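The structure under discussion appears below in the form of C-alpha cells.
The values are calculated or read from the model by the stated rules, or taken from the named source; none is laboratory data. Being a predicted model, the structure only gives us computed values, none of them experimental. Please note: Cβ atoms are built from the backbone with ideal geometry, for glycine as well, and neighbour counts cover all protein chains shown.
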Amino acid sequence: MRTVQRSFVLGMSVAVGLGLATSASADPDVGCGLGTQVWEGQSGSIVKALAATTNGSSGNQTFGVSSGTSGCNQGGTVTAQARAQMFASANLDQLARDMAHGEGESLLAFSQLLDVSAADRPAFFALTQTHFADLFGGEDVTAGSMLSRLNLLLAEDQELSVYAGS
C-alpha cells in the first residue's frame, strides 16, 4: 500500500511539474523547480519555505536546471547577485543574527559573495548593523526583500555604493 501511495504522489508531482513547466517562472526567493510551481501565486514565509524545500528535494531543481523544465532556465550566468541570493536564502537566520551583531562568519561569507573588499568590510558590517531594522523589519522577511533593502542602503552610502546591485 505504501509503495502505491508513494508512486501516486510521485506521479502527481511529476504531472503537476510538467503541466506547469511551460508557464511558471522562478521565484526570486526560492528559485525554480516543482515547489515554485506548486505554490505559485501564494505568499508568506511558510509557503516560501515549503517551495524551497520541495525545490531542493529529490533533485527536482537540479533536473529542472539541466533540462530547462519546471520553470528553470538553462542559459545565463551565475552572478554575484545570484550567489548572494542563494546564500541569503539558505542562511537568512544566521545572517540576521550576524548583522544584528555587526560581525560573524555568515556575514563575512556574505560580504565576500558580494565582492566587498577587505578594506570596506568593516563599513559594510557597520551598515548592516546600523540598519538591521530596515533590513529585517516586519513580518515575512525573505532573502529577496532583505537583499532589495540592502541594495538601496548600499546605493545611498557614499563609501559602499560601488557594491549596490553587485
| Members of segment 147-159 that are assigned to a loop (DSSP other than H, G, I, E, B) and either of a type in the set (S, T, N, Q) or on the phi > 0 side of the Ramachandran plot (or both) | Q158
| Here are G76, G41, G104, G31: which of them is under 30 Å from D157 (Cβ atoms) and at pLDDT 70 or above? | G104
| Is at least one residue of segment 100-123 out of contact with any Phe, Trp or Tyr (no Cβ under 9 Å at 6 or more places or on another chain), among the aromatic types (F, W, Y), assigned by TED's automatic domain parsing to the domain that holds F87 and in a helix (DSSP H, G or I)? | no
| query | Mind checking whether some residue in segment 126-146 is at pLDDT 95 or above and either in a loop (DSSP other than H, G, I, E, B) or at positive phi (or both)? | reply | yes
| Counting only residues that are surrounded by 15 or more Cβ atoms within 10 Å (Cβ to Cβ), touching a residue at least 40 places away in the same chain (Cβ under 8 Å) and under 21 Å from the mean Cα position of the chain (by Cα), how many does segment 109-144 have? | 7
